[in-house]
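Trainee: Have a look at this one before I ask anything.
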């Protein structure tokens, strides 16, 4: 196809501009990529009013179902709808297969790293990653050293954030999340809502299903049971004030397991019990969505009201399985991230399929000097946070922010990394102010389940979209939204 | 060589009923090339089964819980331990300049023993001590370690109640006073700031009068409460040196080692959490007697009757005196 003059563009796409970025939908204005052609045709028949109507149907169904999340450090009430953009992000099969291979390789390497770093520490002895970097990680748990976890699985559930670089069109890993990654409930709900709001478009495609994620996770959790047989599995939540409480209750319900808070559990001499109206019931597996710090006040923060005293004792004795394992934060520390390609080479003897974004580790003096000289051009992140908290995007930061960052970086370089600004790819998103689509930056967080042998990735994942024009920040806690992600059975 | 039978009794009296009490103790003497733990028994009142594991510093940790309501908790650890004679002091062969060449390597190898911790930050206020210890070191690495220990011993006053169990070294630096826990933390900071890997050692100092029970010697020992703390420092090329900045005297067969760690936080002899609003009173007693000595003498000596802790203390952790 050749580019069409703008006057011929369908109403929803009039004035659409790829802005020099890699556009997931369009090769050039008016020329959709092969896998987007059917959707484009569907949307061409649709006027802004009709699309707006379908959008409202979608929003309403989220509202009715109470699918919300909470933004911390924001005075405006606790719960909020997670903004949803109806136009799906579509990935052709061959591209997805490559992503899936890359994720599988990465998750296995991360798991091997955790096994090693809490075991014989061969990688430290071989000097592939500095001991000082690992031991200075705030999330490195010395309590895990020498502790063998069921099935040698540390990373049961991973959410690996990918971005497509506009310069190369390639997917790269932006960060790993192997502690308590959230968002998978939106993947499942987004799909249901999209099917309801865009039924004809969905029928035009053969889309790989995502709905067996909960049953697959449930199978893995049950397989961890130290007693075998009818395992009692629970989901441990910090409670209703947690940003992802909706997801906790959703997943517990989908898997048919109990949703519990710390106060619902008690340990006795290394056995975990759930308090029920019929008395104490032994618990075999805990899918925890409570951070390490708060998990066990005897082992970690003594002021934690969210945890279960003695839980680490039970875990150490092998009387209960915990997913994800304790101490995973050392693997998704953003400074340790810089070494993940090395982990893949070291443990697997393979070249990384998915590349890292170039990363300056401020703990290295030379990197730190470079970063301090180029703050204005880089994205600077604290190493131990998730959800975009504490991140500074140099080009859009004001002078005061940069100066305060400079001071914080100088006083604690280990806590910071910096990356060049990646020109994230864009997907059209509906702008209700104009009644038209406009290009918005996206990332992709696929969810990976590891059963000790095989990594299974839910096809697609959560496409997060920065709904503000020009914004590169896709985190839900920072005003981002999401899209359904379709992985096609074939190429288009 | 010295042999002791030690009984370490920790008692908690609560003002009201408490429940779901979870505790971990590091009360079993180390069993390694410097001392042998011949027997160990841990009992609790109310009675509770204990489970044990080794932590990353190879300390044996015992854990237990008491679920039902109680107003009193007693932990009694009884051990027989054999203290081997100390190895001769390392020769002063390594110069500080030679040491400096190894410093980066040591940091990589012993990161946990060189890095600052919550209890042992590396404050600028101690730079002067580092400099002074260098001056008195005759340019030698072991000399630096000894000089640092002497400095801490000379410049700080031993004073019970000057600090509390959660004090960082800042409190002592201000008042120039503290107990053995503070003395050990300050020495650790000076050593680590100069790049020396060093352990905090939790243990007992057996008073001389207990060692020479038959002579009924009344010699006063600083840190009269037998629960004690000191430091072990790694001097590359010379090995591990033990330094007691509180006593200001060499670490001897009167020192019984319980646990090693980065600071007090890693080795607290008794720590726990419980449910309930009641306040608590803590008392610690350590009884020691030499056993099986050549003349078959046996004599119990009570060396420590811990004074009530300051009322602000709710942690259930005894400070090391």
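Trainee: Name the single residue, out of those in the range B:109-159 being within 14 Å of chain A (Cβ to nearest Cβ) and in a helix (DSSP H, G or I), that is farthest from residue B:56 (Cα to Cα).
Mentor: If we take residues in the range B:109-159 being within 14 Å of chain A (Cβ to nearest Cβ) and in a helix (DSSP H, G or I), then B:124 is farthest from residue B:56 (Cα to Cα).
Trainee: Name every residue in the range B:101-140 that is surrounded by 18 or more Cβ atoms within 10 Å (Cβ to Cβ), touching a strand residue (DSSP E or B) at 6+ places or on another chain (Cβ under 7 Å) and at pLDDT below 95, in order of residue number.
Mentor: Within the range B:101-140, B:140 is the sole residue that qualifies.
Trainee: Do any strands (runs of 3 or more DSSP E) lying entirely in the range A:385-492 carry at least 2 residues that are touching a residue at least 40 places away in the same chain (Cβ under 8 Å) and more than 19 Å from the chain's Cα centre (by Cα), and which ones are they?
Mentor: A:416-420, A:426-431, A:436-445
Trainee: Hey, another quick one. Please state which of the following conditions residue B:95 fails to meet, knowing it meets all the rest: (1) surrounded by 14 or more Cβ atoms within 10 Å (Cβ to Cβ); (2) in contact with a strand residue (DSSP E or B) (Cβ under 9 Å, 6 or more places away or on another chain); (3) closer than 26 Å to residue B:255 by Cβ.
Mentor: Exception for residue B:95: condition (3).
Trainee: Is it true that some residue in the range A:87-110 is touching a helix residue (DSSP H, G or I) at 6+ places or on another chain (Cβ under 9 Å), closer than 24 Å to residue A:289 by Cα and surrounded by fewer than 19 Cβ atoms within 10 Å (Cβ to Cβ)?
Mentor: no
Trainee: Looking at the range A:276-284, can you tell me whether even one residue there is buried (at least 20 other Cβ atoms within 10 Å of the Cβ) and over 27 Å from the mean Cα position of the chain (by Cα)?
Mentor: Within the range A:276-284, one or more residues are buried (at least 20 other Cβ atoms within 10 Å of the Cβ) and over 27 Å from the mean Cα position of the chain (by Cα).
Trainee: In addition: Got a sec? Which of A:348, A:317, A:354 is more than 28 Å from residue B:122 (Cβ to Cβ) and within 14 Å of another protein chain (Cβ to nearest Cβ)?
Mentor: Only one candidate qualifies: A:317.
Trainee: From the list A:173, A:163, which one is within 12 Å of residue A:354 (Cα to Cα), in contact with a helix residue (DSSP H, G or I) (Cβ under 8 Å, 6 or more places away or on another chain) and either within 13 Å of chain B (Cβ to nearest Cβ) or in contact (Cβ under 8 Å) with a residue 24 or more places away in the chain (or both)?
Mentor: A:173
Trainee: Restricting attention to the range A:99-157, which residues are away from chain B (no Cβ under 14 Å), part of a loop (DSSP other than H, G, I, E, B) and farther than 26 Å from residue A:416 by Cβ? If you could, list the steps in order and put the result at the bottom.
Mentor: At the first step, the residues of the range A:99-157 found to be away from chain B (no Cβ under 14 Å) are A:99-116, A:122, A:139, A:149-157.
With part of a loop (DSSP other than H, G, I, E, B) added as a condition, the list becomes A:139, A:149, A:153-156.
Once the filter is applied, which keeps residues that are away from chain B (no Cβ under 14 Å), part of a loop (DSSP other than H, G, I, E, B) and farther than 26 Å from residue A:416 by Cβ, the range A:99-157 yields A:149, A:153, A:156.
Trainee: Ok, one more. Of the residues B:278, B:304, B:259, which single one is at pLDDT below 65 and either touching a strand residue (DSSP E or B) at 6+ places or on another chain (Cβ under 8 Å) or surrounded by 20 or more Cβ atoms within 10 Å (Cβ to Cβ) (or both)?
Mentor: B:304 is the lone residue from the list that is at pLDDT below 65 and either touching a strand residue (DSSP E or B) at 6+ places or on another chain (Cβ under 8 Å) or surrounded by 20 or more Cβ atoms within 10 Å (Cβ to Cβ) (or both).
Trainee: If you scan the range B:13-41, which residues turn out to be in a strand (DSSP E or B) and within 14 Å of chain A (Cβ to nearest Cβ)?
Mentor: Restricting attention to the range B:13-41, the residues satisfying the condition of being in a strand (DSSP E or B) are B:13-25, B:35-41.
Hits for the range B:13-41 are B:18, B:19, B:20, B:21, B:22, B:23, B:24, B:25.
Trainee: Also, quick follow-up: Just to verify a result, which residue in the range A:203-218, among those that are without any contact (Cβ under 8 Å) to a residue 60 or more places away in the chain and more than 17 Å from residue A:462 (Cα to Cα), is surrounded by the most Cβ atoms within 10 Å (Cβ to Cβ)?
Mentor: Taking the candidates together, the pick is A:218.
Trainee: Give the range A:108-129 a look and list any residue that's more than 24 Å from the chain's Cα centre (by Cα) and without any contact (Cβ under 8 Å) to a residue 40 or more places away in the chain, or say none.
Mentor: A:119, A:120, A:121, A:122, A:124, A:125, A:127
Trainee: Still on this structure: Sort out which residues of the range A:360-384 are over 19 Å from the mean Cα position of the chain (by Cα), in a loop (DSSP other than H, G, I, E, B) and surrounded by 15 or more Cβ atoms within 10 Å (Cβ to Cβ), and write them in order of number.
Mentor: A:362, A:363, A:364
Trainee: Residues in the range A:324-334: is at least one in a loop (DSSP other than H, G, I, E, B), within 14 Å of chain B (Cβ to nearest Cβ), modelled with pLDDT under 95 and closer than 30 Å to residue B:24 by Cα?
Mentor: no
Trainee: Among the numbered criteria (1) within 25 Å of the chain's Cα centre (by Cα); (2) surrounded by fewer than 19 Cβ atoms within 10 Å (Cβ to Cβ); (3) closer than 30 Å to residue A:321 by Cα, which one does residue A:225 miss?
Mentor: (1) is the only condition that residue A:225 fails.
The values are calculated or read from the model by the stated rules, or taken from the named source; none is laboratory data. Please read all numbers here as calculations on a predicted model, not as lab measurements. Glycine also receives a Cβ, built like all others from the backbone with ideal geometry; neighbour counts cover every protein chain displayed.
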